[in-house]
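> Got a structure for you, written out below as structure tokens; questions coming shortly.
The values are calculated or read from the model by the stated rules, or taken from the named source; none is laboratory data. Quick caveat, the model's predicted, so the values are computed rather than measured. For neighbour counting, all protein chains shown are included, and Cβ atoms are generated from backbone atoms with ideal geometry for every residue, glycine included.
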Amino acid sequence: MSEPRKDAIPESDVPTPGGGDSVQALHGPLMHAMNDPAMSFTGEEDDDGPGTGTPGHADSVQAMHDVFMREHAEPRDGFEPVPFWVAVVCGGLLMWGGFYIGTNSRDFRRDVYDRSDLSVPEARPADIKEPDPQTVTDLMKIGAQVYGSRCVSCHGPEGKGGQGVPPLAGSEWVAGAEAGVARQTRIVLYGVQGEITVNGLKFNANMPAWGTLRDYELASVLTYIRNSWSNSMDADDGKPGVPTAAVTAARSKEGLKRSPLTEAELKAIPIDQSDAAPPAKK
Amino acid sequence: MDRGMVIFLGALLTFSSSWLGLVLFPFWQLENEKPFPDADRVSDQPLIASGSASLDDPYPQPLGGQALAGKRIYQANGCMYCHSQQVRSEKFGNWWENGVMYTGADIKRGWGLRRTVPRDYLYDNPTMLGTMRTGPDLSAVGPRYSEQWQHAHLFNPRAINAWSIMPSFAFLYRRVKVSGVRLEGNQYPKLGREWTVDPGYRWRPTDAEWDQVIREQGDAIRSTFASSPAGAGLKNLDDESTKKQLLDFWLTTPEEGFQIIPSSDATALVAYMLRLNKTEVPLPEAKE
Amino acid sequence: MLPLAAITPQQREEAARERRAIDASCRVPVLYFCVSAVFWLLIGSALAFIASVKLHSPYFLTGSPELTFGRVRMAHLQAVGLGWSALSLMAASIWLMCRLSRVELIYPRLVVFGGTLWNIGMILDVVGILRGDGLSIEWLDAPRYVPPFFIAGLGIVSAWTVATFRRRREPHVYVSQWYILAAMFWLPWLYTVAVTMIVWLPAVGVVQPVVNWWFGHNYLGLWMTPVALASAYYLIPKIIGRPVHSYYLSIIGFWSLALFYSWAGMHHLIGGPVPAWLVTASTVGSMMMFIPVIAVAINHHMTMLGSFHRLKYSPALRFTVFGSITYTAVSFQGSIEALRDFSEVAHFTHYTVAHAHLGAYGFFTMIMFGLMYYMIPRLTGREWASSGLIRLHFWCSAIGITIYFVALSIGGWWQGRMLNNPNTGFDRIITYLLPYLALRSVAGVLMTVGHLAFATLLTANLLGWGQRRLGGPTYFAEPTRNIPPIAPPREA
């Protein structure tokens, strides 16, 4: 960058540090030095209002000039010291920053994406108890919540389905000729693909797998669907048709199988197949 | 600091630091990501969720054809500003239930089977990770919904979820007169009568209007209703309780003589969304 | 200490004459940039209103592809982010640089040409996006034929600002000049790199969002923030007639901003498919922003100390101080927001939107308004036509942004909490958000009313309806006479 031009007009009033320690002691004289005379000249205050200029005077160069004289000089720097606490805060922040980078950068690897100061236990400790709904009423309560957050956007609040999505209310797969617990658990665990016939109508919508939900949640939502709207599959409150154990058992059977089932594969599962060992085992 | 050079050099150095650190270094780190090869894949696991790719193909595959055209529509209409395309890990975030802390809402919501990693975005251009979740994440929306559902939802999201605030994309569809037979197929949304009035607006007739409709074409409506699964077994179609069912039926059956046809843009957009499945192949680096 | 006598009345008169010549030399380009900026502000406000209403009333203006939410959202960001912000801060940079360097602007037509290129780019940008050419890259949505216009226009304005600086007659380089110089150097680099790596020669996969957030955050941090700070550093001491509190704090503030702000941005990718260290680096960068913010806050506050009564009279000062205080608040909030535990909730929600608007509007836009209230009468030779309209503008903007921020922060925070719990369905989240989104529209209407008031004032001023600059400036209220003599209330 070039040096400022040497023909600069007046060596201006660059203030120098020093003088008193108080803000006022420094500022007082400085401000006088900075202000244009028009500013500190008290007798001129009458000009400060409309309509004081004489007619014709308004267009004159002098009038404009006065206006510019009204302005303060360009701003200058003061030279107060930096408070000590600011230095302390800066130092503290820098130390924290170094520590944080040191502990959270995972050696700058390109294939590690998560924080390392994770306070969440990797595995859920044994002493954390999951809800264990036993009765149809309890299952329905949890199931309504799960249905409302996962299923409702396709199957609708009334279980009527729509736009390629089969209905659940009155469906033969839920509460009719095709209704089997083993089939139902697999539908929610692995999803459905391809065409499927429900109540005589053909539907073709892929249903996603919900295997990421916990077993009791899947059991609950199935119980909810089996007993809502016009469906009522579980008359005995104490004996739910789809207990949590049934989902657990179905999940453990297929192991890692993940691809959704087709209608043919579903029909290949016997309606009365039971995955769960008698409840006594659990 | 009265010298311009000091300011210039300082600005250059500070900015270079971030340019090197936040742009060039990640660029060098990530530019040589490769598709996932067959050899590394565990063979005894059938991993492909839907039929979009075969087991022999490396993952991911670049988009092509309709899906690629659909991505442009997705871009042009700013879908990215409400829908992200990234699934966060099982350890991400937290929520409490009965005093117990859980994490990993994205996966629990069914948005994907695993977290997404850089390799999933190898052919994404631009990479629309998203900035906002006014709507759900779409990284793996492909297998979640059918083609027909997507069309109906695009046409008017409130037809499927009454609470939805997604804009209607009815402008991607045309209402045409049916000449001869109706077009059938997954790409033709089976939209009821309400969609054919003022595209995008849900329309219900007033009582007076509905009475007039019944006066004019009541017999035809009743006879189709009686022959449909919903109307089967209902005997007296004139009493008050069935009147409401009749209206619902009439509203949800397609308008006589007209049909909603998707434009090529709508077809492409749906093709893109059906193709979105960023979590279909488990990658080694995505393991927690 | 310099004795009073060192400056003669002749020298003061000389200085006033010089200021007048400088203002005359940049009158045309600076007014051109101001008018363009306000034009884009009005367009941006209209687009914002449409987008905001659509979020709670999805049937509003449906049926035409041009006005679908996604496109309007992109066009809004471009209109206010690249139209209003860039043009207003270019106006500020040119004028402040001329005044502080004490040189007249030479070849003002060249700068007007640069601004015209930028305006052509903006028209193509907004129209192109609405017609369906938008790229869906946040902050870089401009269709691919637009960036050359921006780069050329920006190049001219940057080069001319630097050229003005090199011709300076004032030996002392004031803190405002540091910020302006640095910003004019940073943005062309930033923009060219971002456009090249995302649009022209796209980098692989997730490198794009990394570059995208680097650009998006630095556009605010290294372009809008420095010039707004430069403006505040100029106006506050200028209007109240006191020196800036501490030169040392100015230095700390400037260099720490340059170093740390440029490292922020990646925290927007928290949980995303990027290496963990990137997010960590940006979190630290954001937290370090406490240093420049504290430095600037002390500097501005201590300069203002004892002059707060001036806020009653001076519009320029009131807007500027509002912006300065918001800067401190929004930066503290931003630093905290970058922390992982906080970000895990706030990310992907309206909370971030509230924060972004507090920064871009409550801080940047308010300071630009303040500068324009000060600068434009000096360029046109007219006072503002109505102090009532200025008052209306201030209160509409101030109350508007407050409602906006409070509503979306509360709504966004709980939105984040609900999103983190998979058992909360989307229906519940959307239903919960609706009243907050409606409040946002109310806030938007208020701000737009303010902008209309400002546009009216500007039009009146340019058409010569205002009072000539003979007496005092247009104040909110007539100053009382018992003001400390040391700082008379003469400045608008």
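> Looking only at segment B:83-98, decide whether some residue is part of a helix (DSSP H, G or I), within 24 Å of A:LEU189 (Cα to Cα) and either out of contact with any helix residue (DSSP H, G or I) (no Cβ under 8 Å at 6 or more places or on another chain) or not hydroxyl-bearing (Ser, Thr, Tyr) (or both).
no
Okay, residues lined up against (1) in contact with a Lys or Arg (Cβ under 7 Å, 6 or more places away or on another chain); (2) within 7 Å of another protein chain (Cβ to nearest Cβ); (3) of a type in the set (A, V, I, L, M):
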| site | (1), (2), (3) |
| --- | --- |
| C:GLY241 | no, yes, no |
| C:ALA281 | no, yes, yes |
| C:VAL284 | no, yes, yes |
| C:MET288 | no, yes, yes |
| C:ILE291 | no, yes, yes |
| C:GLY306 | no, no, no |
| C:LYS312 | no, no, no |
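> Now for a different question. Does segment C:101-109 include one or more residues that are among the acidic types (Asp, Glu), assigned to a helix (DSSP H, G or I) and at pLDDT below 95? Steps first, answer last, please.
From segment C:101-109, those among the acidic types (Asp, Glu) are C:104; that's our starting set.
With assigned to a helix (DSSP H, G or I) added as a condition, the list becomes none.
Within segment C:101-109, none of the residues are among the acidic types (Asp, Glu), assigned to a helix (DSSP H, G or I) and at pLDDT below 95.
> Restricting to helices (runs of 4 or more DSSP H) lying wholly in segment C:169-288: which have 1 or more residues that are out of contact with any Leu (no Cβ under 7 Å at 6 or more places or on another chain), of a type in the set (S, T, N, Q) and free of Cβ contacts under 8 Å to residues at least 24 places away in the same chain? Talk me through it step by step, then tell me what you get.
Details: elements: C:175-195, C:207-219, C:225-240, C:247-256, C:276-288.
In segment C:169-288, C:276-288 are the helices (runs of 4 or more DSSP H) which contain 1 or more residues that are out of contact with any Leu (no Cβ under 7 Å at 6 or more places or on another chain), of a type in the set (S, T, N, Q) and free of Cβ contacts under 8 Å to residues at least 24 places away in the same chain.
> State the number of residues belonging to segment A:227-260 that are modelled with pLDDT of 80 or more and under 33 Å from the mean Cα position of the chain (by Cα).
Total meeting the criteria: 5.
> Is there any pair linking a residue in segment C:426-439 that is over 12 Å from B:THR134 (Cα atoms) to one that is at pLDDT below 95, with Cβ under 6 Å and at least six apart or on different chains, and which?
Listed pairs, sorted by first residue: C:ALA438/C:HIS56.
> Taking the options C:GLY412, C:GLY444, name whichever one is closer than 30 Å to C:TYR32 by Cβ, surrounded by 21 or more Cβ atoms within 10 Å (Cβ to Cβ), more than 14 Å from chain A (Cβ to nearest Cβ) and modelled with pLDDT of 95 or more. Please lay out each step first, then the result.
Details: C:GLY412 fails: closer than 30 Å to C:TYR32 by Cβ.
After applying the criteria, what remains is C:GLY444.
> Looking only at residues that are among the aliphatic types (A, V, I, L, M) and more than 23 Å from the chain's Cα centre (by Cα) in segment C:99-126, which one is nearest to C:GLU66 (Cα to Cα)?
Residues of segment C:99-126 among the aliphatic types (A, V, I, L, M): C:100, C:103, C:105-106, C:110-112, C:117, C:120, C:122-124, C:126.
Subset that is more than 23 Å from the chain's Cα centre (by Cα): C:103, C:105-106, C:110.
Values: C:VAL103: 46, C:LEU105: 41, C:ILE106: 42, C:LEU110: 35 Å.
Only one residue tops the list, namely C:LEU110.
> Oh, and also: Looking at (1) β-branched (Val, Ile, Thr); (2) within 7 Å of chain C (Cβ to nearest Cβ); (3) within 20 Å of B:LEU269 (Cβ to Cβ), which one does B:VAL141 not meet, given that it meets all the others?
Among (1) β-branched (Val, Ile, Thr); (2) within 7 Å of chain C (Cβ to nearest Cβ); (3) within 20 Å of B:LEU269 (Cβ to Cβ), the lone unmet condition for B:VAL141 is (2).
> Which condition number does C:LEU457 fail, the rest of (1) in contact with a Leu (Cβ under 8 Å, 6 or more places away or on another chain); (2) in a loop (DSSP other than H, G, I, E, B); (3) modelled with pLDDT of 70 or more being met?
(2)
> Sticking with this one: Would you point out the residue of segment B:230-288, among those that are in a helix (DSSP H, G or I) and among the polar types (S, T, N, Q), that is modelled with the lowest pLDDT?
So in segment B:230-288, the residues in a helix (DSSP H, G or I) come out as B:240-252, B:264-275, B:284-286.
Next, only the ones that are among the polar types (S, T, N, Q) stay: B:241-242, B:245, B:252, B:264, B:267.
Working: B:SER241: 69, B:THR242: 72, B:GLN245: 75, B:THR252: 73, B:SER264: 93, B:THR267: 94.
The residue in question is B:SER241.
> Considering (1) under 25 Å from A:TYR113 (Cα atoms); (2) buried (at least 24 other Cβ atoms within 10 Å of the Cβ), say which one C:ALA276 fails and leave the rest.
Evaluating C:ALA276 over (1) under 25 Å from A:TYR113 (Cα atoms); (2) buried (at least 24 other Cβ atoms within 10 Å of the Cβ) leaves (2) as the failure.
> Considering segment C:381-416 alone, what residues qualify as being assigned to a helix (DSSP H, G or I) and charged (D, E, K, R)?
Matches in segment C:381-416: C:ARG391 only.
> Within segment C:60-116, take every residue that is among the basic types (Lys, Arg) and in contact with a Cys (Cβ under 9 Å, 6 or more places away or on another chain) and give me the one that is nearest to B:ARG175 (Cα to Cα).
Step one: filter segment C:60-116 for residues among the basic types (Lys, Arg), giving C:71, C:73, C:99, C:102, C:109.
Subset that is in contact with a Cys (Cβ under 9 Å, 6 or more places away or on another chain): C:73, C:99.
Working: C:ARG73: 28, C:ARG99: 63 Å.
So, considering only residues that are among the basic types (Lys, Arg) and in contact with a Cys (Cβ under 9 Å, 6 or more places away or on another chain), the one nearest to B:ARG175 (Cα to Cα) is C:ARG73.
> Let me ask something additional. Mind telling me which of the residues A:THR197, A:THR212 ends up being hydroxyl-bearing (Ser, Thr, Tyr) and either over 19 Å from A:GLU254 (Cβ atoms) or buried (at least 23 other Cβ atoms within 10 Å of the Cβ) (or both)? Working first, answer last.
Details: A:THR212 fails: either over 19 Å from A:GLU254 (Cβ atoms) or buried (at least 23 other Cβ atoms within 10 Å of the Cβ) (or both).
Result: A:THR197 is the single residue among A:THR197, A:THR212 that is hydroxyl-bearing (Ser, Thr, Tyr) and either over 19 Å from A:GLU254 (Cβ atoms) or buried (at least 23 other Cβ atoms within 10 Å of the Cβ) (or both).
> Hey, can you tell me all the residues within segment B:18-32 that are more than 7 Å from every other protein chain (Cβ to nearest Cβ) and not in a helix (DSSP H, G or I)?
Across segment B:18-32, the qualifying residue is only B:ASN32.
> To continue, here is another question. Just one of C:PHE150, C:PHE165 is assigned to a helix (DSSP H, G or I) and at the interface with another protein chain (Cβ under 7 Å from one of its Cβ atoms); which is it?
Details: C:PHE150 fails: at the interface with another protein chain (Cβ under 7 Å from one of its Cβ atoms).
Criteria check complete, one pass: C:PHE165.
> Just a yes or no: is a residue in segment C:88-98 aromatic (Phe, Trp, Tyr), surrounded by 23 or more Cβ atoms within 10 Å (Cβ to Cβ), touching a helix residue (DSSP H, G or I) at 6+ places or on another chain (Cβ under 6 Å) and more than 14 Å from chain B (Cβ to nearest Cβ)?
Yes: segment C:88-98 contains one or more residues that are aromatic (Phe, Trp, Tyr), surrounded by 23 or more Cβ atoms within 10 Å (Cβ to Cβ), touching a helix residue (DSSP H, G or I) at 6+ places or on another chain (Cβ under 6 Å) and more than 14 Å from chain B (Cβ to nearest Cβ).
> Given the criterion within 12 Å of another protein chain (Cβ to nearest Cβ) and either touching a residue at least 40 places away in the same chain (Cβ under 8 Å) or crowded, with 24+ Cβ neighbours inside 10 Å (or both), identify the matching residue among C:ILE129, C:ILE106. Please lay out each step first, then the result.
Values: C:ILE106 fails: within 12 Å of another protein chain (Cβ to nearest Cβ).
It is C:ILE129.
> Right, C:ARG144: within 14 Å of chain A (Cβ to nearest Cβ) and surrounded by fewer than 20 Cβ atoms within 10 Å (Cβ to Cβ) or not?
Details: within 14 Å of chain A (Cβ to nearest Cβ): no; surrounded by fewer than 20 Cβ atoms within 10 Å (Cβ to Cβ): yes.
Taking the combined requirement at face value, the residue does not satisfy it.
> Please list, ordered by residue number, the helices (runs of 4 or more DSSP H) wholly in segment C:1-92 having 1 or more residues that are modelled with pLDDT under 95 and more than 21 Å from C:LEU437 (Cα to Cα). Step through it out loud before you land on a result.
Values: elements: C:9-25, C:27-56, C:69-77.
Of the helices (runs of 4 or more DSSP H) lying wholly inside segment C:1-92, those with at least 1 residues that are modelled with pLDDT under 95 and more than 21 Å from C:LEU437 (Cα to Cα) span C:9-25, C:27-56.
> Against the condition among the hydrophobic types (A, V, I, L, M, F, W, C), surrounded by fewer than 24 Cβ atoms within 10 Å (Cβ to Cβ) and either assigned to a helix (DSSP H, G or I) or touching a residue at least 60 places away in the same chain (Cβ under 8 Å) (or both), how does C:PHE332 come out, does it pass?
Working: among the hydrophobic types (A, V, I, L, M, F, W, C): yes; surrounded by fewer than 24 Cβ atoms within 10 Å (Cβ to Cβ): yes; either assigned to a helix (DSSP H, G or I) or touching a residue at least 60 places away in the same chain (Cβ under 8 Å) (or both): yes.
It is true that C:PHE332 is among the hydrophobic types (A, V, I, L, M, F, W, C), surrounded by fewer than 24 Cβ atoms within 10 Å (Cβ to Cβ) and either assigned to a helix (DSSP H, G or I) or touching a residue at least 60 places away in the same chain (Cβ under 8 Å) (or both).
> Then there is this: Between a residue in segment B:167-180 that is within 8 Å of chain C (Cβ to nearest Cβ) and any residue that is surrounded by 15 or more Cβ atoms within 10 Å (Cβ to Cβ) and part of a strand (DSSP E or B), which pairs come within a Cβ distance under 7 Å, given they are 6 or more apart or on different chains?
B:LEU172/B:PRO262
Conditions tested, residue by residue: (1) in contact with a Ser or Thr (Cβ under 8 Å, 6 or more places away or on another chain); (2) over 30 Å from C:LYS238 (Cβ atoms).
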{"position": "C:HIS309", "(1), (2)": "no, no"}
{"position": "C:PHE322", "(1), (2)": "no, no"}
{"position": "C:THR328", "(1), (2)": "no, no"}
{"position": "C:GLY334", "(1), (2)": "yes, no"}
{"position": "C:ASP341", "(1), (2)": "no, yes"}
{"position": "C:PHE348", "(1), (2)": "yes, yes"}
{"position": "C:VAL353", "(1), (2)": "no, yes"}
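> Further question on the same structure: Taking interchain pairs and intrachain pairs at least six residues apart, which have beta carbon atoms under 8 angstrom, with the first residue in segment B:1-17 and facing chain A (nearest Cβ under 10 Å) and the second loosely packed, with under 13 Cβ neighbours inside 10 Å?
Matching pairs, first to second residue: B:GLY4/A:SER2.
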